[in-house]
Amino acid sequence: MNIVREQHGENNSLIRVTVGEADYGQEVEKALREYRRKANIPGFRPGMVPMGIIRKMYGKGVVAEQSYRTASNSVFEYLQKEGIDYLGDVIPAEEQGAFDFENNTEFEFVFEIGEAPAIHLELSDKDKLTYSKIKVDKKMHDDYRSNYLRRYGRLVDVDTVTADEALTVTLDNGDMNVADAYVGLISMSEEERKPFQGKKVGDKMHVNINELYKNPAQRAACLQVKENELEGINPEFEMEITKIRKFAEPELNEEFFKMAFPQGDVTDEAGFDKFIDSQIESELRRESDYLFTLQLRDYLLKKADLKMPEAFLKRWLYTINEGKFTMEEIEKDFDQFLKMFTWNYLQKHFIKADNLTVTKEEATAEAKALAAAQFAQYGMPSAPDDMLAGYAEKILADKEQGQKIYEKLYEMKVVEDVKSKIKVTEKAVSAEDFAKLAKEL
């Protein structure tokens, strides 16, 4: 066996592997004996087919398979022995010789690798970034408070439409009459609500159901029909309001606090307002952390200025996706892919250099937080710990979800690690200014 490595461009190499019968012969014979054992050929008992027939039927394919496998395995052994770090995976090169697996015994296989660029990053307090912290204002507090209380509120009858009430109406166009139809103003924009504002129970108005609900599913629900029955219905209706209901916040009494906070950590309105502020700050901190991560990522990518083997990576993507994407499609999204690929490569550098680890306990805590957020969306802001632990276990057992959690935690570790090496200045900004910064990224 002979292995020769040739530079094929910046951070790109070809590895030529020449294998002979002495390298792969034993594996060929082993594979042919297995074919003979399993062969079912008329006229011969199982396992008694002459080897000459087996060799004639399968020999060429087996030689091709085993010689390639031997060459491929030798490439990985060579890379490990020489300490060559590569990106993606080893792929067959576009350049290959002519193979005659029937008559020849020596073959040259050519493989291609993208070499991992060396990382030289010296970080100090001369590297400066700004951490943007969103200021909590009164409107933010009141909106969050109102939305939180909505989970425990109820609908009460009122006389007049003022904002986002829920309406019960009768719809009539002469051809069909729909009693007790539901029209929810909460799902409409301010402009769409205007025609309803000031209306009272008993008032009538003309509506076009297609304009009222552009979504067919909503339209069908309002008219109490199936979606496939919408066609042919005259959309012009006279609508009479029969009931107006408005959301009413619950009273902040002992009953509410026991229901909303069964663990007893919030027992009065002052404590409730502190809880609301802490929830807002927690959510805003996640937003700030996310924005800072993007800023830090872009800063490090620019500072490291790594030269990636782009042509190789495009061919690698095409190869591993087995033709699912054309080269034109890969080219279209390649810049974004390269950015994330390089960022992941940089993260691995810091993880290895600074011995960063994520423990099972940290992953479990993150999975529990994810489960808690999901429960909160469905109206259970204080799910029992044993329930959260059970769901966290299921999340981590799922290969894809578990991997995402570990990747997220490792990224957080890298960000904190780099933050400790550079100068980060915290700056309070309004929600509007923060949104502008986020949009730029």
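The values are calculated or read from the model by the stated rules, or taken from the named source; none is laboratory data. Treat the numbers as computed from the prediction; the structure is a model and nothing was measured. Quick reminder, even Gly has a Cβ in these numbers, built from the backbone with ideal geometry, and neighbours come from all protein chains shown. Side chains are part of the model used for accessible areas, which takes the heavy atoms of the whole protein and leaves out ligands, DNA and RNA. Shrake-Rupley method; radii C 1.70, N 1.55, O 1.52, S 1.80 Å.
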> Say the cut-off is 32 Å between C-alpha atoms; which of 332/404; 302/436; 274/439; 307/352; 126/399 go over it?
Replying inline: 126/399
>> How high is the relative contact order of the chain? Use alpha-carbon pairs under 8 Å, at least six apart in sequence, and give a whole percent.
In response: 18 percent
>> Among 364, 206, 58, which residue has its Cα furthest toward the positive end of the charge dipole of the chain, with +1 on Lys/Arg Cβ and -1 on Asp/Glu Cβ?
In response: 58
> Using the eigenvalues of the Cα gyration tensor, what equivalent ellipsoid semi-axes result for region 50-172 when each is taken as the square root of five times the eigenvalue, whole Å, largest first?
Replying inline: 71, 33, 12
> Can you give the three extents of the C-alpha atoms in region 330-374 along their principal axes, from longest to shortest, in whole Å?
Replying inline: 39, 32, 10
> Stokes-Einstein at 25 °C, 0.890 mPa s, Kirkwood radius from Cα pairs: D for region 173-332 in µm² s⁻¹?
Replying inline: 107 µm²/s
>> As a test of reading the structure, rank 106, 94 by solvent-accessible area (1.4 Å probe, protein chains only), most first.
In response: 94, 106
> For all pairs of alpha-carbon atoms in region 1-78, what percent lies in each bin of width 10 Å, listed from the first bin to the last filled one?
Replying inline: 18, 36, 23, 15, 7, 2
> Where in the chain are the DSSP H helices whose alpha-carbon span along the long axis reaches 27 Å or more and whose Kyte-Doolittle mean is at least 1.0?
Replying inline: none
> If you project the alpha carbons of region 278-378 onto their three principal axes, what span does each projection cover, largest first, in Å?
Replying inline: 48, 34, 26
> Taking a temperature of 4 °C and a viscosity of 1.567 mPa s, what whole-number D in µm²/s does Stokes-Einstein yield for the chain with Rh from Kirkwood over alpha carbon pairs?
Replying inline: 44 µm²/s
>> Loop only by DSSP, 14 or fewer other Cβ within 10 Å of the Cβ. Give me the GluC sites (Glu not before Pro) in region 256-341 that pass, ordered by residue number.
In response: 322
> With the dipole of the chain worked out from charges on the C-beta (+1 for Lys and Arg, -1 for Asp and Glu) around the Cα centre, which of 392, 12, 80 lies farthest toward the positive end?
Replying inline: 80
> Which values of log₁₀ I(q)/I(0), to two decimal places, follow from the Debye formula for region 102-182 at q = 0.11, 0.19, 0.24 Å⁻¹ with a uniform point scatterer at every Cα?
Replying inline: -0.72, -1.08, -1.25
> Using the Cβ atoms and a cut-off under 13 Å, what net charge is assigned to the surroundings of residue 21, where Lys and Arg are +1 and Asp and Glu are -1?
Replying inline: -4
> Between the DSSP loop rule and a limit of at most 16 other Cβ atoms within 10 Å, which chymotrypsin sites (Phe, Trp or Tyr not before Pro) in region 303-334 are left?
Replying inline: 325
> Ignoring ligands, DNA and RNA, what accessible area per residue does the chain give at 1.4 Å, in Å²?
Replying inline: 62 Å²
>> Loop only by DSSP, 10 or fewer other Cβ within 10 Å of the Cβ. Give me the trypsin sites (Lys or Arg not before Pro) in region 76-149 that pass, ordered by residue number.
In response: 126
> Kirkwood hydrodynamic radius (Cα pairs, Å) of region 345-441?
Replying inline: 15.9 Å
>> Can you tell me what percent of all Cα-Cα pairs in region 135-183 are more than 12 Å apart?
In response: 75 percent
